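Each remark here refers to the structure printed beneath this line.
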Amino acid sequence: MSDIKVPEMGESVTEGTILRWTVAEGDAVQQGDVLLELETDKVNLEVSAESSGLIETRLRQEGDTVQVGEVIGRIRTGDAASSTTGTASAPKGEESPAAAAEASAPSASLPESPKAAEAASPPPAENGDAGTKASPAARKLARERGVELGSVPSADPIGRVYSGDVKSFAEGAPTSQPQAAPQPQAAPPKAPPKAPAAVDPLKPVERQRMSRRRQTIATRLVEAQHNAAMLTTFNEVDMTAILDVRKRRKDNFKQKFDVNLGFMSFFTKAVVGALKAFPAVNAEIDGDEVVYKKFYDIGIAVSAKEGLVVPVVRNADRLGFAEIEKSIAGLATKARDNQLALSDLQGGTFTITNGGVFGSLLSTPILNAPQVGILGMHKIQLRPVAIDEERMENRPMMYIALSYDHRIIDGSEAVRFLVKVKELLEDPESLLIES
């Protein structure tokens, strides 16, 4: 017998939710076959079979929350698997010739032993088994061990009994003597049921359970607001110079590096330059200490189908524009295809989020804890700008926002950080020197 266990999923991930099983009890599997998909706080993982055999039981069901290392199913391996079925090698939905011949033969032509007849007959209704929800494997094991299914406690939310439940019950209670019928327990007093709200057919509603990732996002965003002294400061950037560089360089850049020259590489470089000038914005709080980080791993917020994720561009200070653009494009593709690894999401020191791609003109981004700073980008919009006392010009302007933890970043420091980002963006050549 081989256990199906929840694998290790990273230092910060201790549990997950079974999103779906890809096999049923009794299915034949080969080593390496995908058995189920787990949804964690950050990514989805596939759990594969460590050995070949038959699925003996699934101890946990879809939607259940499971812990790392927990046994969630069992595979019957080796001779035990081959001896229990003669049809494992046949395709699903088909019977082997031997099984078909056995099924078509008249039952009266072969004498049955009393033991075989007893095993083949359904359990009597008076023992309480008939009304008990149980898997076929559990019923078989209960008959073999003389256990009443009605007496077996189940951990399943809907009360279904599995073979693991029967085995645990049989090993923990003697089966040599008849088991007494379970005594009915007095149910605890329940609050009167809440009267259902009147259903208006003209106002239909639909309820959906929040995904694990959405629950985690909600929890962490609320924690960030509760645990940090979060403030936001704003400024605006004249994007004329960057748009001019992109217009002149984008074709050669695309031809040479096979990636588009976007805005994110400029903003990543500007953030790195500002973080070097103001190291507290690249720090985090650990108890009563401030940890100043001497590296620059920049998280880039990406909107995926399952919710917002923040993959990390490692060592952004050592990368060129093309390397940053390729890294961001690759991480965004992996995020949308649900192929991000935990290593792609861990260890960022500062985050950039771009609401402008959805048309946002202004926002106050929430910190990505334990980080103490996050930069919000917004929509580029033509606005009249005073050039001097007499002239006005329409310029492509963008509002930028810095949310920061006031516990270790003073207001003046936050404002100067944002001004530094603005200055670097409005003079793109300086990005080559200061980032």
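Starting from residues that are in a loop (DSSP other than H, G, I, E, B) and modelled with pLDDT of 95 or more, keep the ones in the stretch 373-405 and report whichever is surrounded by the most Cβ atoms within 10 Å (Cβ to Cβ).
Going through the qualifying residues, I end up with His378.
Surrounded by fewer than 16 Cβ atoms within 10 Å (Cβ to Cβ) and at positive phi: is that true of Gly359 in this structure?
In short, yes.
Can you give me the number of residues within the stretch 19-50 that are over 16 Å from Thr216 (Cβ atoms) and either in contact with a Lys or Arg (Cβ under 7 Å, 6 or more places away or on another chain) or part of a loop (DSSP other than H, G, I, E, B) (or both)?
Within the stretch 19-50, residues that are over 16 Å from Thr216 (Cβ atoms) and either in contact with a Lys or Arg (Cβ under 7 Å, 6 or more places away or on another chain) or part of a loop (DSSP other than H, G, I, E, B) (or both) number 15.
Within the stretch 294-327, track down each residue that is among the basic types (Lys, Arg) and either touching a strand residue (DSSP E or B) at 6+ places or on another chain (Cβ under 6 Å) or within 16 Å of Ile352 (Cβ to Cβ) (or both).
Listed by number, the list holds a single entry, Arg314.
With (1) out of contact with any strand residue (DSSP E or B) (no Cβ under 7 Å at 6 or more places or on another chain); (2) of a type outside the set (Phe, Trp, Tyr); (3) under 18 Å from Ile328 (Cα atoms); (4) outside any loop (DSSP other than H, G, I, E, B) as the list, and Gly262 as the residue in question, which single condition is left unmet?
(4)
Looking only at residues in the stretch 333-358 that are of a type in the set (Ser, Thr, Tyr) and part of a helix (DSSP H, G or I), which one is modelled with the highest pLDDT?
Thr333
Any residue that is crowded, with 17+ Cβ neighbours inside 10 Å, among the acidic types (Asp, Glu) and within 26 Å of Leu382 (Cβ to Cβ) - is there at least one of those in the stretch 342-350?
Within the stretch 342-350 (the criterion being crowded, with 17+ Cβ neighbours inside 10 Å, among the acidic types (Asp, Glu) and within 26 Å of Leu382 (Cβ to Cβ)), the answer is no, since none of the residues qualifies.
Is it the case that Gly330 is surrounded by fewer than 22 Cβ atoms within 10 Å (Cβ to Cβ), over 23 Å from Val222 (Cβ atoms), at pLDDT below 95 and among the small types (Gly, Ala, Ser)?
It is true that Gly330 is surrounded by fewer than 22 Cβ atoms within 10 Å (Cβ to Cβ), over 23 Å from Val222 (Cβ atoms), at pLDDT below 95 and among the small types (Gly, Ala, Ser).
Restricting to the stretch 118-172, what's the tally of residues that are farther than 22 Å from Asp64 by Cα, among the aliphatic types (A, V, I, L, M) and either assigned to a helix (DSSP H, G or I) or at pLDDT below 70 (or both)?
Of the residues in the stretch 118-172, 8 are farther than 22 Å from Asp64 by Cα, among the aliphatic types (A, V, I, L, M) and either assigned to a helix (DSSP H, G or I) or at pLDDT below 70 (or both).
Within the stretch 201-230, how many residues are among the hydrophobic types (A, V, I, L, M, F, W, C) and in contact with a Gly (Cβ under 7 Å, 6 or more places away or on another chain)?
Residues that pass the stated criteria total 1.
Give the residue that is nearest to Val259 (Cα to Cα), with candidates limited to residues of the stretch 296-329 that are assigned to a loop (DSSP other than H, G, I, E, B) and among the small types (Gly, Ala, Ser).
That would be Gly320.
The values are calculated or read from the model by the stated rules, or taken from the named source; none is laboratory data. Everything numeric in this text was worked out from a predicted model, so none of it was measured. Positions of Cβ are generated from backbone atoms using ideal geometry, with glycine treated the same way; all protein chains shown enter the neighbour counts.
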